[in-house]
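Working notes for the structure below.
Values in this text are rule-based calculations from the coordinates and carry no lab data. None of these values were measured; they are calculated from a predicted model. For neighbour counting, all protein chains shown are included, and Cβ atoms are generated from backbone atoms with ideal geometry for every residue, glycine included.
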């Protein structure tokens, strides 16, 4: 992997951590504010309960004062009744006394109601005081934790800023500008490639850029413009590679419409892979470099199936391989087959060689009989 790509990976990791820390630092005061708001509600409830007790006490004093006034009126009316001279005057004073006594009973009932409610109000005040005490202790703990968390975050933020500056300094300035521009609009400027797919936008890569990014070169996704990188440890293993674990290699079908061959020596090109396709009454041939997968020359088309059309290519050194890809898929390869196809053919060649070696070893170890046939 090129230093630029590795530094960009470090840069993106630093950018993510810096963003996370900044968001956390900004969120801590809001978290404390929520708790303080709850505390303010508890304080308001306590003040309301205390105010209710004070209002009841004021109302009780008012009713007691009214009773005293009414009792004074009754005493006055009784004194006046002793001096009246007519029966009508006496009856009028008795009515006034009865009305006053009725008002006294009404005020006494209200005082009794207040006294009954006093216990409930006292309990509410004590509960609110206890809740306020607990929440006050909790918010102090939260504030302490918030201060400690903020201090730790700011320390980490300074460290990540230093890492970020170091990573940026190790990247080509033009590449950094591209990274910054894409990050601004996409949220990230770098994306991993897995299974020939850009994980930033989920678009499949063409074979050539896929091979380039696998080789560690700087490649930009044609779809999302993110800079691509490849981690070989996450590559999906080719199915034929699993045959090394005790599986028997499948024999290529002789009548298959597509055939692949390995040639150890193909003129000036050295090792190559030959891909043949039968299409109706004609056949086509593609020649790929064995190591790079790059297409050599043009695609040739001749009359007849590939065995009749290209007999000069099928020498004794040619090794038949397993492999089949649709013609449309091969057209998409363009000038270079994808590494996943190249790896599959390489793996099958290794198994073909292993089978060949195993066959010859077993044949050499077979004992030869030294007995002569009996004379007839």
Checklist entry - Can you give the relative contact order of the chain as a percent, counting alpha carbon pairs under 8 Å and 6+ residues apart? => result 15 percent
Next on the checklist: Could you give the length gained by full extension between residue 327 and residue 36, i.e. 0.36 nm per residue of separation minus their alpha carbon distance, to one decimal place?
Outcome noted: 97.9 nm
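For 70, 112, what ranking results if the residue with the fewest other Cβ atoms within 10 Å of its Cβ goes first?
The order, fewest Cβ neighbours first, is 112, 70.
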Checklist outcome for this item: So for R0 = 22 Å, FRET eff. of residue 249-residue 291 from the Cβ-Cβ r, to 0.05, ends up at 0.50
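Report the convex hull volume per residue for the stretch 239-363, counting only C-alpha atoms, in Å³.
Spelled out: Cα convex hull of the stretch 239-363, divided by residues, is 116 Å³.
Cα-Cα pairs above 27 Å in the stretch 19-168: how many percent?
60 percent
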Item to check | Listed values (i) 55; (ii) 50; (iii) 76, entry calculated as percent of Cα pairs over 25 Å apart | outcome: (iii)
Checklist outcome for this item: Taking the stretch 175-234, the equivalent ellipsoid from its C-alpha gyration tensor has semi-axes in Å, biggest first, of 18, 11, 10
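Taking other Cβ within 10 Å of each residue's Cβ, how do 84, 219, 32 sort, fewest first? Don't skip to the end; give the middle numbers.
Details: 84 13, 219 23, 32 16.
Lowest to highest Cβ neighbour count: 84, 32, 219.
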Next on the checklist: With the crude spin-label approximation of a point 7 Å out along Cα→Cβ, what separation in nm comes out for residue 256 versus residue 88?
Outcome noted: 13.3 nm
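How many times 2.2 N^0.38 Å is the alpha carbon radius of gyration of the stretch 245-318?
Taking N as the residue count of the stretch 245-318, the ratio is 1.16.
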Item to check | At R0 = 30 Å, FRET efficiency that the Cβ-Cβ distance of residue 13 and residue 204 yields, to 0.05 | outcome: 0.70
Checklist outcome for this item: Quick calc: nm separation of the 7 Å Cα→Cβ label points for residue 225 and residue 318 -> 4.9 nm
Checklist entry - Once the principal axes of the Cα atoms of the stretch 73-160 are found, what is the range along each, listed largest first in whole angstroms? => result 106, 20, 15
